[in-house]
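Heads up: the structure comes next, in structure tokens.
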Amino acid sequence: TITFALPFVAGFAALAADERSWTTARVALLGGLAFVLSRVWFPINQGPIDEGPYLDFPAQWYFMNFPPWMSNEVYWVAIAGLALAVACVAWLLPRHVDDSSVPRS
């Protein structure tokens with residue numbers, strides 16, 4: 001599975017971040033973002049899922065991890081979280097313009 005490759009990905013990500021000379025705040029933001037998006041803190045077994053409507057809680061705590069069975073409200077919250085994550089990553093990326101290819105007069 002892919003979990004065996006994760007240490008190598010983390011190593012290459014650390015090298016890439018080191019080349020960029022990121023500040024402590026940017027590294028902390030990336031670490032916090034990775035923690036939140038990984039959802040290791042989120043318990044999915046919070047009630048019986050074998051009865052009742054699956055689009056309501058407590059069953060939705062489990063089914064919100066599978067997009068086809070997400071309720072509309074949970075889906076839009078996930079989309080908003082994704083948009084926020086994209087904005088954070090866009091802020092982390094460099095904005096330097098390479099002007100070496102622009103001819104000077």
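Every residue, every condition in (1) open to solvent by 70 Å² or more (accessible area, probe 1.4 Å); (2) not in a loop (DSSP other than H, G, I, E, B), yes or no:
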| site | (1), (2) |
| --- | --- |
| P7 | yes, yes |
| F12 | yes, yes |
| L29 | no, yes |
| W41 | yes, no |
| I49 | no, no |
| P53 | yes, no |
| A80 | no, yes |
| L84 | yes, yes |
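When D18 is tested against the conditions (1) assigned to a helix (DSSP H, G or I); (2) open to solvent by 60 Å² or more (accessible area, probe 1.4 Å); (3) at pLDDT 75 or above, the lone failure is (3).
The values are calculated or read from the model by the stated rules, or taken from the named source; none is laboratory data. The shown structure was predicted, so the numbers you read here are calculated from the model rather than taken from an experiment. Ligands, DNA and RNA are stripped out before the accessible areas are found, and what is left, the full protein with its side chains, is counted by its heavy atoms. Shrake-Rupley method; radii C 1.70, N 1.55, O 1.52, S 1.80 Å.
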